[in-house]
Structures are given as C-alpha cells and as structure tokens.
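Laboratory data are not the source of any read-out in this text; all were calculated from the coordinates shown. These numbers were taken from a predicted model, which means no experiment stands behind them. Methodologically, a virtual Cβ is constructed for each residue, glycine included, from the backbone with ideal geometry; neighbour enumeration extends over all protein chains shown.
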C-alpha cells in the first residue's frame, strides 16, 4: 500500500495558488485513475484506489501547509505505511516552471509543508517536485506562492498535472527516472519544454 500526499492549503481562496499545485496533481491522479470520492479523514481529504495494481491512498492535508505533517503522520500510522512508500507532491521554487523532479530525502529548502512532514515522520520519503519557478527575490516568495497561477500559466499547469497523473503508475513502481522522462516528453510534446516565469523576459 502506498500513500500519495498532495500539499496545499484548504479553502476555495487558495485553490488556484501556486502553493497548491500538489493538491491539483493529486486531484488529477484521482480523476485519471477513477478513485473513490474524497472524504474527510486524518485531518484531511482522503481517496482510495488502484494504480498499476497497487492500492494507493491519496491524501490532501487540511491542516494548512505549515502543519501538513500532522495529517500525513496520522494516515501513515493508521495504515502502517513506512517512509519508503510515501510520495509527496509539492510546489518547488528551485525548479523552472513546468519541470518535474523526484528525489528521496534531503532538506526542506524553506518549504513549510515538507518541514512539518520531516518533523513528524523523518525525511526519507519521496518528493515529487513540481517546478513553479522563483520570483527572483526572496522577499517576494510569500506573495508569489500564495498568488493564483496567471491565465497565461494555466496551459502548462494542466499539462504537467495531467502528465503526472497519466504516469503515476511509474511512481507506484518506484521507477522515478522513467517517470521524470515521460513527464518531460509530455511537456515537450505540448510545447512547454521551456516555460518562462510570469514577468520573466
């Protein structure tokens, strides 16, 4: 059994924020793989289904980003899921918009959702890093991640979430390299090989 976690903030006002791309990816996975409807559980929203023959629990913590680890810890303990079987989908400032990378462990790089999960569970889970780009000035980061994606960004955001969802079986199998490559090829095919950050020349 695997636990796929999307990071974001609950509530309609945050739904299209850059910080919520983890939620967007998880919701697209649920649609693409015909998961059960989401229901309230573990201080979050949970859906269950199958991906590539594996039972997968999808979780969107509703504790707000800074306390994500509370919900993830509760679900992991209930299902007795170890760190190796947890994958966390989150926004990544240090990747160009539309890029996707997978890594195990490492630092939180200022991401409060990851920091909270690290504190509650440890660091050795997989992180599916969904690039949103950096505003160029650390003083602008807070407002940048809590602003909605611009209309001009919607194409690559939807393409990225769709590519992640369609190739989620590779995450379930632990084939991170092929997953990254397939997502990259999907972005390239859709004309999003190089996406500029909003406001970037």
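A few remarks follow.
- Every residue from the range 139-178 that is under 15 Å from the mean Cα position of the chain (by Cα) and surrounded by fewer than 16 Cβ atoms within 10 Å (Cβ to Cβ): 158
- Strands (runs of 3 or more DSSP E) completely within the range 1-74 that count 1 or more residues being farther than 30 Å from residue 140 by Cβ and without any contact (Cβ under 8 Å) to a residue 40 or more places away in the chain: 39-41, 44-51
- Checked against (1) touching a strand residue (DSSP E or B) at 6+ places or on another chain (Cβ under 6 Å); (2) surrounded by fewer than 17 Cβ atoms within 10 Å (Cβ to Cβ); (3) in a strand (DSSP E or B), residue 95 passes all but a single condition, namely (3).
- In the range 179-192, residue farthest from the chain's Cα centre (by Cα) [restricted to those that are more than 13 Å from residue 133 (Cβ to Cβ) and in contact (Cβ under 8 Å) with a residue 12 or more places away in the chain]: 190
- Elements of type helices (runs of 4 or more DSSP H) contained in the range 106-178, each with 3 or more residues being in contact (Cβ under 8 Å) with a residue 12 or more places away in the chain and out of contact with any strand residue (DSSP E or B) (no Cβ under 8 Å at 6 or more places or on another chain): 112-121, 154-166
- So residue 114, is it surrounded by fewer than 16 Cβ atoms within 10 Å (Cβ to Cβ) and under 18 Å from residue 60 (Cβ atoms): no
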